[in-house]
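A.B. asks: The following block contains the structure, expressed as structure tokens.
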Amino acid sequence: MNTLAVDLSNNRPALTNRKYLALAIPLIISTLTTPLLGAVDTAVVGHLSDPVFIGGVAVGSLIFSQLYWLLGFLRVSTSGFTAQAKGANNREELFYSFIRPFLLAAMLGCFFLLIQSPIKWVAFSIIQSSEGVYVQAANYFDIRIWGAPFALINYVILGWLVGSSQIRITVFSQIFINVLNIILNVVFVLNFNLGVQGVALASLIAEISSVVIGLVILWKLNMIPKDLNTQWKKLFQHGPFVKMLQVNRDLFIRTVCLLTVFTMFTSKSGQMGEVELAANAILYQLHLILAYFISGFSNASSILIGRAVGGKQIDLYDATVKMSAKWGGIAAVTLTLLLLLFSDWILPLFTSIEEVLLMANQFMYWLLLFPLVSFWGLQLYGIFTGATEGRPLRNSIILSLLIFLISYYVFVPILGNHGLWLAFILFSLARSIFLWPYLLSLKSKCFTNGVG
């Protein structure tokens, strides 16, 4: 048998700290490659002669990052359903947990190609920029949009690999694709002088390559067993198919709420002035790094919860919840202390403008609160996605958005940027508070009545 074949053995050894961290650490490394790639894109075009190139890449990449982020549920839900199929030792459902979202991703990607002109018009109507930046961003968009089907399919491939616990393969493939993207960026932009089009072309080639490599990996893993009598009508069986659509719908609504908060935060920062915008942008990037780091533990918990629910392993479920709380809390405290101790060294990495540095330092203590108030909500997110229960995530984020909106309109007029950060921190805290009560009934729903 192929040495890379999927292992569906359902051994049930106790979950230890070492085993949990062995799963979480590679996922942390994997998630941290995302913000790194965006930084490289900016750095490469930063060596060109005109600042409009930086603006063009910034606007163009913003469009796609927001577009794809809205559809990030494809990866998350695929991971949850796959982990459950693996836990249940169900080879047939393991296959269907890939092919159902694969078809959905392919259809959505092709739909984006058909409506690319309206997408571009709406995006540039919302994002106001100079004529020079608009031209460069349009050039970027016209190339990058053709990667939409591949980018979304790649979400599904990554979700399946993570859900089936192929962590090392996932990490190495992502690192390889990101390194390829970086090399192509340098070659196309600095050697071939392709400018912004070179950055977009590098991303397009990397997205296509990622899907090709991913499909090869799945073939090597013998994901489709020879003894599987595939009945394609089962793809659209009412129960599993509707469940997938419901979970994806709820996760989509959750993402829209998050996007609303981040858009309002950025928009208000811009209205406060260039210095405030720059300072908030730096702190926001640091917030993303903190969130991505903590999400590594959340992703690990999602896999283990999915396996526990699929295999009806109550002990694994209980142990995972405890590990998630323990290591999420340790990570939050550690990150807060590191940021407190080394902020004077970290901030100058982002800018040398003294005025911006002073402004960022003035609001740094708000960022210090972020890991402490948000880590439990992020861990709960992993627990609920592993159980493929999207409704609590949807309901809790809607309530959290209401808290943000109330805080935003009450505190920003009074406290300015401090009020903006206060509203954001209250939103992050609310995500933990409103989701936590649902945990009390999740266990009985998963192991008494079944997931559904």
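The values are calculated or read from the model by the stated rules, or taken from the named source; none is laboratory data. Treat the numbers as computed from the prediction; the structure is a model and nothing was measured. Here Cβ is always computed from backbone atoms with ideal geometry, including for glycine, and neighbour counts include all displayed protein chains. SASA here: full protein model, heavy atoms, side chains in, ligands and nucleic acids out. Shrake-Rupley method; radii C 1.70, N 1.55, O 1.52, S 1.80 Å.
A.B. asks: Could you tell me which residue of segment 77-105 is surrounded by the fewest Cβ atoms within 10 Å (Cβ to Cβ), considering only residues that are among the polar types (S, T, N, Q) and outside any helix (DSSP H, G or I)?
C.D. replies: Of everything passing the filter in segment 77-105, 89 is surrounded by the fewest Cβ atoms within 10 Å (Cβ to Cβ).
A.B. asks: Let me ask another. Let me spell it out: the conditions are (1) closer than 29 Å to residue 442 by Cα; (2) among the β-branched types (Val, Ile, Thr); (3) crowded, with 19+ Cβ neighbours inside 10 Å, and residue 333 meets all of them except one. Which number is the exception?
C.D. replies: Result: residue 333 passes all but (3).
A.B. asks: Might you let me know whether segment 411-424 holds any residue that is among the small types (Gly, Ala, Ser), open to solvent by less than 10 Å² (accessible area, probe 1.4 Å), in contact with a Phe, Trp or Tyr (Cβ under 8 Å, 6 or more places away or on another chain) and under 23 Å from residue 305 (Cβ atoms)?
C.D. replies: no
A.B. asks: If I filter segment 347-356 for residues that are more than 25 Å from residue 79 (Cα to Cα), open to solvent by less than 50 Å² (accessible area, probe 1.4 Å), in a helix (DSSP H, G or I) and touching a residue at least 12 places away in the same chain (Cβ under 8 Å), do I get at least one hit?
C.D. replies: Yes.
A.B. asks: If you go through segment 425-452 one residue at a time, how many are open to solvent by less than 60 Å² (accessible area, probe 1.4 Å), at pLDDT below 95 and either aromatic (Phe, Trp, Tyr) or not in a helix (DSSP H, G or I) (or both)?
C.D. replies: 3
A.B. asks: Please list, ordered by residue number, the helices (runs of 4 or more DSSP H) wholly in segment 106-188 having 3 or more residues that are open to solvent by less than 30 Å² (accessible area, probe 1.4 Å), out of contact with any Pro (no Cβ under 8 Å at 6 or more places or on another chain) and under 26 Å from residue 76 (Cα atoms).
C.D. replies: It comes to 148-163, 167-186.
A.B. asks: OK, next. Residue under question is residue 396, and the condition is that it be surrounded by 20 or more Cβ atoms within 10 Å (Cβ to Cβ) and among the hydroxyl-bearing types (Ser, Thr, Tyr); does it hold?
C.D. replies: Yes, satisfied.
A.B. asks: Exactly one of (1) charged (D, E, K, R); (2) in a helix (DSSP H, G or I); (3) closer than 26 Å to residue 81 by Cβ; (4) within 26 Å of the chain's Cα centre (by Cα) is unmet by residue 389. Its number?
C.D. replies: It fails just one condition, (2).
A.B. asks: Also: For a quick check of your reading of the model, give me the residue pairs whose first member lies in segment 406-417 and is closer than 17 Å to residue 266 by Cα and part of a helix (DSSP H, G or I), whose second is charged (D, E, K, R) and open to solvent by less than 100 Å² (accessible area, probe 1.4 Å), with beta-carbon atoms closer than 7 Å and at least 6 apart or on different chains.
C.D. replies: Within 7 Å, the pairs are 412/268; 417/276.
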